[in-house]
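This report refers to the structure that appears directly beneath it.
The values are calculated or read from the model by the stated rules, or taken from the named source; none is laboratory data. Values in this document were obtained by computation on a predicted structure and should not be read as measured data. Please note: Cβ atoms are built from the backbone with ideal geometry, for glycine as well, and neighbour counts cover all protein chains shown. Areas reflect the complete protein model, heavy atoms only, side chains present, ligands, DNA and RNA absent. Shrake-Rupley method; radii C 1.70, N 1.55, O 1.52, S 1.80 Å.
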Amino acid sequence: MSTWASADPVSSGALLAVRDLKVTFPTEDGLVKAVDGLTFDLRAGETLGIVGESGSGKSVTSQAIMGLHRGSRAKVEGQIVFDGRDLLKIVDDDLRRMRGRDIAMIFQDPLSALHPYYTVGNQIVEAYRIHNDVSKAAARAHVIDMLDRVGIPNPQKRIDQYPHEFSGGMRQRAMIAMALVNSPRLIIADEPTTALDVTVQAQILNLLVDLQKEFGSSIIIITHDLGVVAELADNIMVMYGGKAVEGSSADEIFYEAEHPYTWGLLQSMPRIDAVKQARLQPIAGNPPSLINPPSGCAFHPRCAFRDDERLGCSSVVPRFEISDEHPTRCLIPQAERRAIFQTQIETRTA
Amino acid sequence: MFAYVVRRIFVGAIMLVVMSLVTYLLFFAAPSDPARFTCGKNCSPELIEQNRKALGYDKPVFVQYGQFLKGVFVGREFPDDPELKKSAPETIAECPAPCLGYSPLQSDTVSSLIATAAPVSISLALAAFILWMVLGISGGVIAALYKGRLIDRALVGSALIVYSFPTFFIGLSLYIFVAIKWQLTPIPVYTSISDGGIGPWLYGLFLPSLTLALIYIAGYIRLTRAFVLESMGEDYIRTARAKGLTQRRILGKHTMRAALTPIATVAGLDLGGLLAGAIITETVFNYNGLGKLAVQAATTYDLPTTVGIVIVAATFIITANIVVDVLYAVIDPRVKYS
Amino acid sequence: MTDLPTSGRTPDDEPAAASTSTATSTPSSAPTSTPTSTPTATPPSAHDASRDRTSGASGGRRFSRRRKAADDDVALGEVILEVTDLKKHFPMHTSGIIRRAADPVKAVDGISFSVRKGETLGLVGESGCGKSTAGRTLLQLLQPTSGSIRYKGKDVTNADPKELRKLRNEMQMVFQDPYGSLNPRQTVGTIIAAPFHIQGIKPEGGIKAEVQRLMERVGLNPEHYNRFPHEFSGGQRQRIGIARAVALRPKVIVCDEPVSALDVSIQAQVVNLLEDLQDEFELTYVFVAHDLAVIRHISDRVAVMYLGKIMELATRDELYENPLHPYTQALLSAVPIPDPRRENKRERILLKGDLPSPINPPSGCVFHTRCPRYREDLSEAERTRCTTEVPVIQGEEDHRVACHFAGPPKVDVI
């Protein structure tokens, strides 16, 4: 990858090109800028990891791509170009037809994401038949096949069971089967393993990797867990306060991280692979307000490397240059950032 | 499931027995003399004594209760006197099972009084039930779909106003304006199906059932609106949208299924409570249903009838509770009784 | 303590906080001496040195301040809490017209361990393994079904209400959910002061002053005394819960998933706070969590639970560097490591199937239905042993395993 994103979203050749995406919600306390100017490309077959803490805007981004904010009070601006069409401009019904067929979504908590009163089979068959003119029997056979492929044992019997009769891991497998039933070109997985136990998480992540190879879908995986993206993602975007603060290949985030917030994340995480358990270095303070974000760089109040006098961290808004290979929203000059990472940041990577 | 139903019915039966005992004790073991109220204005000491004997009030209260229970299951006679039956059978009142007592004031068995009044109340309750379910739920759904818009505010606002009016006010207004002044409907008179067929039966029911239903419509608009909104915010609705389903299908299949389940529960209990008579509505429209019978019995100190109606009402409510609980397991697959 | 991550604290606050703790504990001039005669004692130095704290101040303080030894007091490094064959079963009933007692849910099914004063025992496992029930039963928030809990050598398993109340002075709990465990209608001041009122204790200088000192100590602004829980962020709420737990200067705190609801940067703040408080007040933690990285970070010893039983119990580095139980190995290998190059080289040990029901746990070793070693490496005769004979936890004092065929993994798990 030469640049993070190209200038023209339509001719970029990417499957999904997001340009200057903004999502705002009016509230009694003021306008919440949940996503504030997001730009990235996702090519066919690639996996993008979006990493951030609560309130960073990562989930709102995924719902904006699915068009799930339509009909709500949220305002979505910018461009979301999927396969050459701007999803923000097409009519509701066209978008609806793309949902589930071209773009599918896997949610965090499979128990609440599945309807409790309908069988798992009923819900997946419905997802298939809404986009395919097939008989119920044919759809059912296809769904049994899908359940089998996502590793649900005894699918002929399981298809007629209700979600509460499934274990957490099986439910998430069923969600994945539902997402894949139309062989979508893009799968958005929003914290797909956060509600699961670690051994089940390993099974599900393995399954996602295998299925991506089989179906060739692109994946956006949204998570707070850097370990999960380390396993899955080709590229990683770190979000903070509704903005992308750093974007790069997966390796670079871990071995050549450039943003102080990314450094903070790497240092505040306890590591299972660290023989020496050094004291954690938390990021001071709390996440920023999305209604009245800090002036200048949104991260400056918590930044250990801010330099107001020289760089104006509290007044100058840093830019995220998409023409860069490794864009970083930070006022510290790149050479300095690299030096800091090499000398001062103990990421505890082996 | 079967075991659960059996257990619930068993517990329900015990509750009924306990409840009837309590009611019985309350009315007949009170410090007042029950025989005193058996003959209205033309009471003489002799008549009181005669009635006391005939109705069994001279016996200890638990013996009386035992006779009452016997009457419920096998029927009884008033007075329970084999010799009198031989000498003057025409003075004996037969009370076949289920016998809930004999009302000397009305010269009739309580069971037959209730049997006459019950169809009126049940017709009224069912008609009102259909009205309030249809109008209340559709109003609630519309309000939820247009949440925050004018139509939502109008529906919720008028529901609040209706809710705050007393039933007798609504009933009298409808009666006076709709039926009498504007003559939009005929004067409501109850006509049973066997007397006049379905048409007149429905005609007669319209205004009273509307009166009865209005307050429930108001309540159900708010209830439905809340449940639909809650359901629309659920994760599985987001999943349904992400699948690419149409709005209509999401609402019809996914939202309503979840929203209607709790409404069915409440509706079952409300209907159970209403079957035993709508006192105010029946009084306003002069309908001879259970509600009016109850008022009559209470104001004339007709103790056997009062006890009988209380027991019938309790039976309806206990049955409705069991039915609703069992129904719940049918509509919500997560509920498994054992 | 200048590394405390929150605002509103300056190094000048330190003497005040320090004097708070010395008000109740007399500094002893005696140097740290650990009796080596106790069979269960580990050298405290192992505990201290292994945790390479960047903050010298807190590391040094750990053993420097000693409580004056009261009659029933326990020295650092000695067993303060001993659990023997603890069981917690939840009764079930049959279906049918007449209900009878049926097989119970064996949430905790015979666990034994000891906790030493000043250490952190990590209790780790997946959901449904009984770790939270174990934590609650330990504090007798749940009545144990059988087994014994000895605190400072005294059996407190069936303590009467009066004894139990006294025990609550010394054993406290921090809960997972910083939203659910605080009464939304009470001010923070009321919440933190509750232990004083319940126990009828009047701290020096009055309750309010003490509560504000506590708030300051855990990194909350004492001026927020009259605010309600919903006015605080998740991390701050967890600080409130911690302040309430340490208010009475307890000896033992059971922490039930205290950081799992928090974002990673906030989680680190709370973990550091817990570590600092442990140093300052010589606290003993039983730390219940599902996050194996957090457990590795904070624990001195770790017990791995599966279906109500302890599978492996070892000192922290032993467990992570040399896991001997196939379940521990699978658990560790499942954790994704934030290091792509290493991650790509790792071979996962994937467990098949779902957790069996705790009502009818598998016979013999409860793990055999999902055990990769059972499936791949054992002969038919050996398998019979797994399905019929319940493995007893055994081994060296610093590393005990409940497996008939315990041994190192075939691949590197971390």
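Key figures for this structure:
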item: Approximate shape of segment C:292-414 as ellipsoid semi-axes (Cα gyration tensor, √5λ), whole Å, largest first; result: 24, 17, 14
item: Semi-axes of the equivalent ellipsoid for segment A:1-70, Cα gyration tensor, largest first, Å; result: 25, 13, 11
item: Summed buried accessible area for B+C [probe radius 1.4 Å, Å², rounded to 100]; result: 400 Å²
item: For peptides A:158-168, A:56-66, A:213-223, B:45-55, sequence by mean Cβ density within 10 Å, most packed first; result: A:56-66, A:213-223, A:158-168, B:45-55
item: Entries in C:152/C:309; B:181/B:292; B:53/B:86; C:117/C:309 that, when Cα-Cα distance is taken, lie over 19 Å; result: C:152/C:309; B:181/B:292; C:117/C:309
item: In nm, spacing of pseudo-spin labels at residue B:160 and residue A:319 (7 Å Cα→C-beta vector); result: 5.3 nm
item: Segment C:88-176: trypsin sites (Lys or Arg not before Pro) in DSSP coil with no more than 15 other Cβ atoms inside 10 Å; result: C:99, C:100
item: Surface share of carbon and sulfur [accessible, 1.4 angstrom probe, percent] for segment A:111-183; result: 48 percent
item: Solvent exposure of segment B:23-98 as accessible area per residue, Å², 1.4 Å probe; result: 62 Å²
item: Drop in accessible area of at least 40 Å² in the complex versus isolated chain, residues of segment A:276-292, 1.4 Å probe; result: A:277, A:279, A:280, A:282, A:286
item: Residue-normalised accessible area of segment A:123-184, given per residue in Å² at a 1.4 Å probe; result: 39 Å²
item: For chain B, with +1 on Lys and Arg beta carbons and -1 on Asp and Glu, the positive-most of B:160, B:43, B:10 along the dipole; result: B:160
item: Percentage of interatomic Cα-Cα distances in the protein assembly as shown larger than 50 Å; result: 42 percent
item: Chain A: C-alpha pair distances exceeding 31 Å, %; result: 36 percent
item: Shielding by other protein chains, A:111-123, mean Cβ within 10 Å; result: 5
item: Portion, in percent, of the accessible area of segment C:325-401 that falls on carbon or sulfur, probe 1.4 Å; result: 50 percent
item: Computed label-point distance, nm, for sites residue B:334 and residue B:17 using a 7 Å Cα→Cβ extension; result: 3.7 nm
item: Segment B:241-338 shape via C-alpha gyration tensor axes, a/c threshold 1.5; result: oblate
item: Cβ-based net charge around residue C:308, under 14 Å, with every Lys or Arg adding one and every Asp or Glu removing one; result: +2
item: Charge sum, other residues only, whose C-beta stays under 14 Å from residue B:148's C-beta, Lys/Arg counted +1 and Asp/Glu -1; result: +3
item: For chain B, Kirkwood radius (reciprocal of mean inverse C-alpha pair distance, Å); result: 23.0 Å
item: Tensor-based shape of segment C:304-370 (alpha-carbon gyration tensor, a/c under 1.5 rounded, otherwise prolate or oblate); result: oblate
item: Entries in A:33/A:243; A:75/A:243; A:276/C:251 that, when Cα-Cα distance is taken, lie over 18 Å; result: A:276/C:251
item: From phi via Karplus (6.51, -1.76, 1.60), per-residue ³J(HN,Hα) for segment A:114-129 in Hz, x at Gly/Pro; result: 9, 6, x, 9, 10, 5, 4, x, 3, 6, 7, 4, 4, 5, 7, 6
item: In degrees, nearest ten, helix A:334-344 long axis to first principal axis of chain A (Cα); result: 90 degrees
item: Accessible area buried at the C-A interface, both sides summed, 1.4 Å probe (Å², nearest 100); result: 4300 Å²
item: Whole-Hz ³J(HN,Hα) from phi, Karplus 6.51 cos²θ - 1.76 cosθ + 1.60, for segment A:70-80, glycine and proline x; result: 4, x, 9, 7, 5, 10, 10, 10, x, 10, 10
item: FRET E, pair residue B:62, residue C:162, Förster distance 51 Å, beta-carbon r, rounded to 0.05; result: 0.60
item: R0 of 41 Å, Cβ-Cβ distance residue A:111-residue B:116: FRET efficiency to nearest 0.05; result: 0.15
item: Solvent-accessible area per residue, Å², over segment B:116-331 with all protein chains present [probe radius 1.4 Å]; result: 45 Å²
item: Axial C-alpha extent at least 24 Å, average Kyte-Doolittle at least -0.5 - helices from chain B (DSSP); result: B:2-28, B:110-145, B:198-232, B:256-275, B:303-331
item: Max mean-square fluctuation residue, GNM over chain B, Cα-Cα springs under 10 Å, options B:33, B:302, B:270; result: B:33
item: Loss of accessible area when B meets A, both sides summed, Å² nearest 100, probe 1.4 Å; result: 2300 Å²
item: Equivalent-ellipsoid semi-axes of segment A:111-183, from the Cα gyration tensor, Å, largest first; result: 18, 12, 11
item: Burial of 10 Å² or greater, segment A:53-102 residues [accessible area, probe 1.4 Å, versus chain by itself]; result: A:53, A:54, A:63, A:66, A:68, A:70, A:96, A:99, A:100
item: Given charges at beta-carbon only (K, R positive; D, E negative), |dipole| of segment A:150-192 in Debye; result: 160 debye
item: Lys, Arg +1 and Asp, Glu -1 on Cβ, resulting dipole of chain A about Cα centre, debye, nearest 20; result: 620 debye
item: Cα-Cα pairs of segment B:27-129 separated by more than 22 Å (percent); result: 37 percent
item: Spin-label model distance (nm) - residue A:75 vs residue B:198, 7 Å beyond Cα toward Cβ; result: 5.7 nm
item: Shape call, segment A:214-307: gyration tensor on alpha carbons, a/c limit 1.5; result: oblate
item: Residues whose placed amide H lies under 5 Å from that of residue A:240, excluding near-sequence neighbours; result: A:245
item: Solvent-accessible area, 1.4 Å probe, carbon plus sulfur percent, for segment B:116-331; result: 70 percent
